[in-house]
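Colleague: Structure below; questions to follow.
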Amino acid sequence: MYEKHPCWSILLRLFHWMFALSIVVLVVTGFYVNSPWTNTMLESSQSWPMAWMRYLHFVAGYVFSAAIIIRLFLYIFGNQQERIWDILPVTRRNLRNLWKTLLHYSYIKEAGQHDRLGHNVLAGLTYIVTVFAAIVQICSGFYMLYPEAAFWEGWGVAIFGNQQSSRYIHHLLMWWFIIFAMIHVYMCIWNDVKRPEGVISSIFTGDKFTHTKA
Amino acid sequence: MADTVHNTLDPQLNRRGFLKGCTMAAAALGLSETMIPKLVEAAAAAERPRVVWLHFQECTGCTESLLRASHPDLAHLILDVISLDYHETVMAAAGHQAEEILQKTVTEHAGKFILVIEGAIPTKDGGIYCKVGGKTAMDTLAEIGPKAAAIIAIGTCATFGGVQAASPNPTGAVGVMDLISGVPVVNIPGCPPNPMSFLGTVLHYLTFKRLPAMDSLNRPLFAYGRRIHDHCERRPHFDEGRFVEQFGDEFHKAGYCLYKVGCKGPETFSNCPAVRFNDVDVWPVSVGHGCVGCTEPNFWDTMTPFYDRLPMVKIPGTGIIADADSVGTKVLGVTAAAIGIHAAVGIGKRLIKGKGNE
């Protein structure tokens, strides 16, 4: 018998899909902006590929930033699964979960029933690192987008030194998101196979399932 | 004594040239033409500001570009507007005589003279890597700097350390800003900077009795407030996706955007596309070479390779130097392989042990 539990709020699912789709757009357009692989040889074609790619990149950047604001809000004001204390490996419960997850993921010891409905601590930690990386991307991105705005100029110079360094870090961190996405999708499929909690459908429906002894 | 250069080398700055130079400076400063008379008045005032010009770790290129500008009136105007009391390259005095003038200006006009610094200041090993008159650059700056009304750091070396400060920075070279506090410092970076940016700053100071508005790196906004990319004449080619693929190709001949051959215009703040150089209205991008980003901090470390978009990734301890995307692709490949192994182990385990009792 399985019991259905509401796990992810609508806001969290909204965050997830805003984040995921904006990352896809940002990576594709970002590669183009860094190294445009087309060359408009026809004069006056008025196709503006670079202008369009940059425009899409900026729009996706705003969606990405909004998604991060939602996630930060939910870390503090979300439901039990969404709050940061459910993830940070500072409590005994979370440290135990981290250790068990590591053993489970490396096929050493099967984890039994989950002690929680939300993220395991390893996944949760990876997400925190990703959110941090996203904040660096947002800072470097807005510094490059608004180079003459005193706010971004001040912060940008303080953090990155100059525009080129911020471009460099912006580009390197993009690879974190690509690699993260690949591992994330794999681990979700893996967990869906190993555990009957319905982790993949939960990001659409918001519900997870737990085993009941009935 | 003070006006050696002006009196002996240049008695002939005519009024026309003088007004022309002031007008150019007003344009560079973004002032309306109604301000030009005030600029002229300030520049023609009897009491001209004393300027002490010190050379430290540098190539004198900034001085050269200033004095040998193709428009001779510009150099003459600068020398006419200021009283250049001490300048190692152009002064007639030498040895003890020169040192005496320096001391005299610094003590008699303490708190009133403008100090111009050209070149970086080496700080390693007590600063012994640059000595003038038996004194290290560090000591000279520490002695004279606090007595100045304002310091103008001219050139990328004096502002951010320049090529001397490039990694591994063997002499510990730094810019003026890193050593001086309490005295306003204006940075005029560039390798060399446009003489107009220097003249504009000086005229602004003379006319308004204060320094021009500056960004967080102490660069005057009138000259360094906009990115090169945003004022570039090749910008439409960028937006339209027309790029030079390599130097000398048909796109290069057609004058397309230099982005793909490493132009650093999008990362660099300067007035080059607007003010241009040498009175013949040229600047690097107009003659087919990308910007190298010489007005930015650490440009030798962050803007190189000059003909690629991004700096190389240096993995510490391995000696590996590769471009960001090839490193990224490799890490991605290793991750994909790890995922493959992880999945294979899981499937293998299940084949051997069965599905378990979930």
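The values are calculated or read from the model by the stated rules, or taken from the named source; none is laboratory data. Here the structure is a predicted model, which means the values were calculated and not measured. All Cβ positions, glycine included, derive from the backbone under ideal geometry; neighbour counts span all protein chains shown. Keep in mind that these areas ignore ligands, DNA and RNA; they rest on the heavy atoms of the full protein, side chains included. Shrake-Rupley method; radii C 1.70, N 1.55, O 1.52, S 1.80 Å.
Colleague: Report yes if some residue within region B:203-226 is over 14 Å from the mean Cα position of the chain (by Cα), modelled with pLDDT under 90, among the aliphatic types (A, V, I, L, M) and open to solvent by less than 40 Å² (accessible area, probe 1.4 Å); otherwise report no.
Modeller: yes
Colleague: Take the residues in region B:303-324 that are open to solvent by less than 40 Å² (accessible area, probe 1.4 Å) and within 10 Å of chain A (Cβ to nearest Cβ), then tell me which one is nearest to residue A:172 (Cα to Cα).
Modeller: It comes out as B:324.
Colleague: Would you mind telling me which numbered condition in (1) of a type outside the set (D, E, K, R); (2) over 24 Å from residue A:188 (Cα atoms); (3) free of Cβ contacts under 8 Å to residues at least 12 places away in the same chain residue A:30 fails?
Modeller: Going through (1) of a type outside the set (D, E, K, R); (2) over 24 Å from residue A:188 (Cα atoms); (3) free of Cβ contacts under 8 Å to residues at least 12 places away in the same chain one by one, residue A:30 breaks only (3).
Colleague: Separate question: Working carefully through the options A:24, A:90, A:28, A:59, find the one that is more than 13 Å from chain B (Cβ to nearest Cβ), open to solvent by 60 Å² or more (accessible area, probe 1.4 Å) and outside any helix (DSSP H, G or I).
Modeller: Exactly one residue qualifies, and that residue is A:90.
Colleague: For region B:314-335, how many residues meet the condition of being of a type in the set (S, T, N, Q) and in contact with a helix residue (DSSP H, G or I) (Cβ under 9 Å, 6 or more places away or on another chain)? Quick ask: steps written out before the conclusion?
Modeller: In the first step, residues of region B:314-335 are kept if they are of a type in the set (S, T, N, Q); the result is B:318, B:326, B:329, B:335.
Pick out the ones that are also in contact with a helix residue (DSSP H, G or I) (Cβ under 9 Å, 6 or more places away or on another chain) and you get B:329, B:335.
The qualifying residues number 2.
Colleague: Do any helices (runs of 4 or more DSSP H) entirely within region A:123-206 hold 2 or more residues that are at the interface with another protein chain (Cβ under 9 Å from one of its Cβ atoms), and if so, which? I'd like the intermediate steps shown before the answer.
Modeller: Numbers: elements: A:150-160, A:163-194, A:199-205.
Answer list for region A:123-206: A:150-160, A:163-194.
Colleague: Going through region B:259-274 one residue at a time, which ones are farther than 28 Å from residue B:27 by Cα and assigned to a loop (DSSP other than H, G, I, E, B)?
Modeller: Passing the criteria: only B:262.
Colleague: Please find, within region B:247-302, the residue that is farthest from the other protein chains (Cβ to nearest Cβ) out of those that are acidic (Asp, Glu) and open to solvent by 20 Å² or more (accessible area, probe 1.4 Å).
Modeller: Restricting to residues being acidic (Asp, Glu) and open to solvent by 20 Å² or more (accessible area, probe 1.4 Å), the top hit is B:279.
Colleague: Open to solvent by 40 Å² or more (accessible area, probe 1.4 Å) and over 16 Å from residue A:30 (Cα atoms): is that true of residue A:155 in this structure?
Modeller: Here the answer is yes, as residue A:155 does meet what is asked.
Yes or no, residue by residue, for (1) of a type in the set (Val, Ile, Thr); (2) in contact with a strand residue (DSSP E or B) (Cβ under 8 Å, 6 or more places away or on another chain):
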site: A:111; (1), (2): no, no
site: A:116; (1), (2): no, no
site: A:129; (1), (2): yes, no
site: A:145; (1), (2): no, no
site: A:158; (1), (2): no, no
site: A:180; (1), (2): no, no
site: A:211; (1), (2): no, yes
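Colleague: Say we look at region B:94-124 and pick out the residues that are of a type in the set (Asp, Glu) and without any contact (Cβ under 8 Å) to a residue 12 or more places away in the chain; which of these is farthest from residue B:63 (Cα to Cα)?
Modeller: B:108
Colleague: Give the residues of region A:31-54 that are under 29 Å from residue A:180 (Cβ atoms), in a loop (DSSP other than H, G, I, E, B) and within 8 Å of chain B (Cβ to nearest Cβ), sorted by residue number.
Modeller: Within region A:31-54, A:35, A:36, A:38 qualify.
Colleague: Report, by residue number, each residue of region B:84-93 that is without any contact (Cβ under 8 Å) to a residue 60 or more places away in the chain and either surrounded by fewer than 18 Cβ atoms within 10 Å (Cβ to Cβ) or more than 19 Å from residue B:143 (Cβ to Cβ) (or both). Please lay out each step first, then the result.
Modeller: Filtering region B:84-93 for residues without any contact (Cβ under 8 Å) to a residue 60 or more places away in the chain gives B:86, B:88-89.
Matches in region B:84-93: B:88, B:89.
Colleague: Pairs please, first residue from region B:220-243 and under 14 Å from residue A:46 (Cα atoms) and within 7 Å of another protein chain (Cβ to nearest Cβ), second anywhere and among the polar types (S, T, N, Q) and open to solvent by less than 30 Å² (accessible area, probe 1.4 Å), Cβ atoms under 6 Å, 6+ apart in sequence or on different chains.
Modeller: B:240/A:40; B:241/A:40; B:242/A:40
Colleague: Do we have residue A:200 as under 16 Å from the mean Cα position of the chain (by Cα) and either open to solvent by less than 30 Å² (accessible area, probe 1.4 Å) or hydrophobic (A, V, I, L, M, F, W, C) (or both) here?
Modeller: Criteria met by residue A:200.
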